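Just so it is clear, none of the values below were taken in a lab; they were calculated from the coordinates. Predicted model, so just to flag it, every value in this text is computed and none were measured. Positions of Cβ are backbone-derived with ideal geometry, glycine not excepted, and every protein chain shown enters the neighbour counts.
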Amino acid sequence: MTDLILFLTSLIIIIILHEFSHLIAAKLLGCGVLKYSIGFGLPILFSRKIKGTVYQITPWIFGGFTELKGELTNSKSKSAFSNLPYSKKCIIAGAGCAMNVIMGILFIFLGRIFNIYNLVYFGLFS
């Protein structure tokens, strides 16, 4: 049971940080962010709009997404993902994977130094 709790907790933390890195990269690079969601589906358990971005939590927390302005459509807006230079699009898209790699290396390293199995597990899972 403890391993299952560790697994599920790790998964939720990894999802939150992965999607958060997309959010931060997009905002830093001038891309509009419409929604940051931890989980999928309905009902929405928590929702708050701050500076044009909706932050929400839904019951299916083993997933998430960051919805960018103009991500799947053409737009004339300068802040639309579709109008950003290719280099900025790559940074935003790669931010989640970069966060996972950084977390993995960091926690494996810390877990081995301090001989804490749970940190190594989290790092490997990342």
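Numbers at a glance
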{"item": "Extension gain, Tyr117 back to Ile24 (0.36 nm per residue minus Cα-Cα distance, nm)", "result": "30.5 nm"}
{"item": "Region 1-116: relative contact order as a whole-number percent, Cα under 8 Å and 6+ apart", "result": "26 percent"}
{"item": "Cα gyration tensor shape for the chain, rounded if a/c is under 1.5, else prolate or oblate", "result": "oblate"}
{"item": "Approximate spin-label separation Gln56-Ile105, in nm, with each point projected 7 Å along Cα-to-Cβ", "result": "3.6 nm"}
{"item": "Selected from Phe62, Phe40, Phe114 as most flexible by GNM, with the chain as the system and alpha-carbon contacts under 10 Å", "result": "Phe114"}
{"item": "In Hz, Karplus ³J(HN,Hα) per residue of region 68-75 (6.51, -1.76, 1.60; θ = phi - 60°; x = Gly, Pro)", "result": "9, 5, x, 5, 10, 10, 7, 9"}
{"item": "Residues in region 102-119 reached by a label modelled at Ile5 [backbone nitrogen below 16 Å; 7 Å Cα→Cβ]", "result": "118-119"}
{"item": "FRET E, pair Lys49, Leu17, Förster distance 25 Å, beta-carbon r, rounded to 0.05", "result": "0.70"}
{"item": "Charged-residue dipole, Cβ positions (Lys, Arg, Asp, Glu), region 2-115 about Cα centre, Debye nearest 20", "result": "580 debye"}
{"item": "Per-residue [θ]222 nm for the chain (sum of -39500 (n - 2.57) over DSSP H runs n ≥ 4, rounded to 500)", "result": "-17500 deg cm²/dmol"}
